[in-house]
Amino acid sequence: MILLGLRWESSFPSRMAPQLALSVFLLTSLVLSTEGSAVSNWWNLVPRKTVPYHELKEGTKRFSMAGVSNYTTLTLADRKGLLYVGAREAIFALSISTMEMEEAILWEAPAERKAECIQKGRSNQTECFNYIRFLQTYNSSHMYTCGTYAFQPKCGYIDLATFSLDRFSFEEGKGKCPYDPAKGYTSLIVGK
């Protein structure tokens, strides 16, 4: 269905209204009556490649860890053969070929931060945790990461040689990471 939005202004000449309405009607009729053309194919979009579910299920590899959820932040390090995954209170390095965990960092928000988050009226079941929302290569030896940190965002650096979080490099994450884990978010590092 095509929806055309028209806004009638008070200065619009009333004698032109029937002509405009007729033009809109004819244009809509023309678009809807063109069977077999590129316009009508637009209504029936089919992806260039489709894979039946049963074929996908057979070749799919999964990763999960008990007690960890929200695996939403992904960064691919193709040359190293690793997929970095940011989750709730954890960061993982997974082998691309096997989807097995190579390394892991647990980055939990401390109890004091969680208590402050709860006092602010946030949910202790879903919101008052450290959700990793930013995970990107910084240089050849480090990654930069940010988490919601129980509604008080924090950022820091991961040493890739040891796959450890430099706990002395934490920075304020305001403006770099959302407070709310449910908010959509996109990020990019430019001009290091």
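Observations
- Mean Cβ count within 10 Å, highest first, over the residues of peptides 176-188, 121-133: 121-133, 176-188
- Take 50-59, 99-108, 145-154 and order them by the average number of nearby Cβ atoms within 10 Å per residue, most first; the result is 145-154, 99-108, 50-59.
- Under 5 Å between amide hydrogens, built in the peptide plane, is the criterion, and for residue 169 it picks out 157 among residues at least 5 positions away or on other chains.
- Relative exposure of 28, 98, 60, judged by other C-beta atoms within 10 Å (fewest first): 60, 98, 28
- Sequence of 62, 167 once ranked by neighbouring C-beta atoms within 10 Å, starting from the fewest: 62, 167
- Normalised by the number of residues in the range 70-172, the mean separation of alpha-carbon contacts (under 8 Å, six or more apart) gives a relative contact order of 19 percent.
- Dmax and Rg, reported as Rg then Dmax, of the range 58-176 (C-alpha, Å): 14.6, 47
- Net charge, residue 134 excluded, C-beta distance under 11 Å - Lys, Arg +1, Asp, Glu -1: +3
- Environment charge of residue 56, counting only residues whose C-beta is closer than 13 Å and scoring Lys/Arg +1, Asp/Glu -1: +2
Only the coordinates and a few stated rules stand behind these numbers; no lab work does. Keep in mind that this is a model prediction, so the values were computed, not measured. Cβ coordinates were reconstructed from backbone atoms using ideal geometry, including for glycine residues, and neighbour counts include every protein chain displayed.
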